[in-house]
Amino acid sequence: MSIAETHDRAPGRQDRGHFSDLRRSILHELRLHGPTAPDELARRLGASRTGVLQQLRALEATGLARRQTVRHGVGRPRHVFDVTPAAQGSFPSNYDGLASDVLTAVATLGGDELLTDVFEARRVSLRARVAERLATALPGRPTLGDRVRELAAIQDEQGYLCHATIEADGATFRLSEHNCAIYQVAIAYPGACRAEVELFRDVLGAEVVRESHIASGDRCCSYRIAEQAP
C-alpha cells in the first residue's frame with residue numbers, strides 16, 4: 001500500500017500511527033521551507049492532497065499551523081500554510097542534555113559562580129566532545145568544508161534541524177539551524193547563544209559570524225563561516 005493510500009483511509013486504530021507520522025512530516029517541511037501550498041506538501045511527502053489537507057486542518061485547529069492567502073496578480077488567491085510559534089514544542093529539544101551539563105558545570109564551579117561561568121564551563125565540555133568527534137570522523141587534514149559538514153551533522157543529531165551549504169565563492173560556508181533545541185533557555189539566557197558561537201569558532205578554527213537568530217525572531221540561526229584571515 002502506498003503512503004497516499006494509507007493517508008486517504010479513515011483514521012482507524014491501526015492507522016493512527018500513519019496519521020501521526022504524516023502530521024510530523026508536514027510540520028517538519030513547514031519548519032524547514034516556510035509557507036507552502038498543500039499541493040507542494042503532498043508532492044514532497046509522496047502523500048495525497050486529501051490526506052495532507054486533513055492534517056493541515058487538524059494542525060490549524062490546534063494552533064500549530066496557520067493559513068495565509070497569497071495573491072499573485074490576476075486570478076484566484078493561493079492558500080499556503082506555515083507553522084506558528086506554538087509549534088515549537090513539537091520539534092526536537094535537548095533540554096535534558098543542557099540541564100545535565102549545566103548542573104555538572106555548577107557543581108564544578110562550586111554552585112555560586114555567575115551564569116556566564118556556567119555556560120563557559122559547558123562550552124569547554126562540549127568543545128572537547130565535538131573536537132574528539134571531528135578528529136575521529138575526519139582524520140588527517142580535513143578541509144574547512146569537511147569540518148563544517150561534520151559539525152552540521154553533529155548539531156542535527158542534537159535536534160537543531162541543521163545543514164551546511166557552500167556559498168557561490170566556493171570558500172564561504174553557511175551553517176543553518178532550523179530549530180532551536182534549547183529555545184526556552186536561549187530566550188531567557190542570551191549567554192547560551194554566545195557560547196554556541198564561540199564553540200563553533202573553537203572547533204572549526206575559523207571565522208564564524210551569526211547572521212540570523214531564532215531567539216531574536218528569525219526563522220533560523222544562520223552562521224557564515226570562512227577561513228580566518230592570516
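Looking at the range 122-143, which of the residues that are exposed (fewer than 14 other Cβ atoms within 10 Å of the Cβ) and among the charged types (D, E, K, R) is modelled with the lowest pLDDT?
In this case the residue turns out to be R141.
Filter the range 181-218 for residues that are farther than 20 Å from V124 by Cα and in contact (Cβ under 8 Å) with a residue 40 or more places away in the chain and give the result.
Across the range 181-218, the qualifying residues are Y183, Q184.
Examine the range 210-223 for a residue that is in the same structural domain as R147 (by TED's automatic domain parsing) and either more than 16 Å from the chain's Cα centre (by Cα) or modelled with pLDDT under 90 (or both), and state whether such a residue exists.
No.
Small (G, A, S), touching a residue at least 12 places away in the same chain (Cβ under 8 Å), in a helix (DSSP H, G or I) and under 18 Å from S90 (Cα atoms): is that true of S25 in this structure?
yes
The rows are residues; the columns are (1) assigned to a loop (DSSP other than H, G, I, E, B); (2) at pLDDT below 90.
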residue	(1), (2)
T50	no, no
Q88	no, yes
S93	yes, yes
A107	no, yes
E113	yes, yes
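Taking the condition of being closer than 21 Å to C220 by Cα, surrounded by fewer than 15 Cβ atoms within 10 Å (Cβ to Cβ) and basic (K, R), how many residues in the range 21-43 meet it?
Residues that pass the stated criteria total 1.
Would you mind stating whether D146 is at pLDDT 85 or above, part of a helix (DSSP H, G or I) and over 30 Å from P230 (Cα atoms)?
For D146, the condition - at pLDDT 85 or above, part of a helix (DSSP H, G or I) and over 30 Å from P230 (Cα atoms) - is not met.
Among the residues of the range 55-89, which ones are closer than 17 Å to H28 by Cβ, in contact (Cβ under 8 Å) with a residue 40 or more places away in the chain and surrounded by fewer than 17 Cβ atoms within 10 Å (Cβ to Cβ)?
Selection gives D82, Q88.
So is G159 out of contact with any strand residue (DSSP E or B) (no Cβ under 6 Å at 6 or more places or on another chain), over 23 Å from Q88 (Cβ atoms) and of a type outside the set (A, V, I, L, M, F, W, C) or not?
Answer is no for this residue.
What number of residues within the range 167-189 are at negative phi and exposed (fewer than 15 other Cβ atoms within 10 Å of the Cβ)?
Qualifying residue count for the region: 7.
Does R122 meet the test of being of a type in the set (D, E, K, R) and within 20 Å of S93 (Cα to Cα)?
Here the answer is yes, as R122 does meet what is asked.
If we keep just the residues of the range 16-33 that are at pLDDT below 90 and among the small types (G, A, S), which is nearest to the chain's Cα centre (by Cα)?
Result: S20.
Go through the range 161-204 and report how many residues are modelled with pLDDT of 95 or more, out of contact with any Leu (no Cβ under 9 Å at 6 or more places or on another chain) and part of a loop (DSSP other than H, G, I, E, B).
The total comes to 1.
The values are calculated or read from the model by the stated rules, or taken from the named source; none is laboratory data. Given the structure is predicted, the values throughout are model-derived calculations rather than measurements. Neighbour counts run over all protein chains shown; Cβ positions are idealised from the backbone, glycine included.
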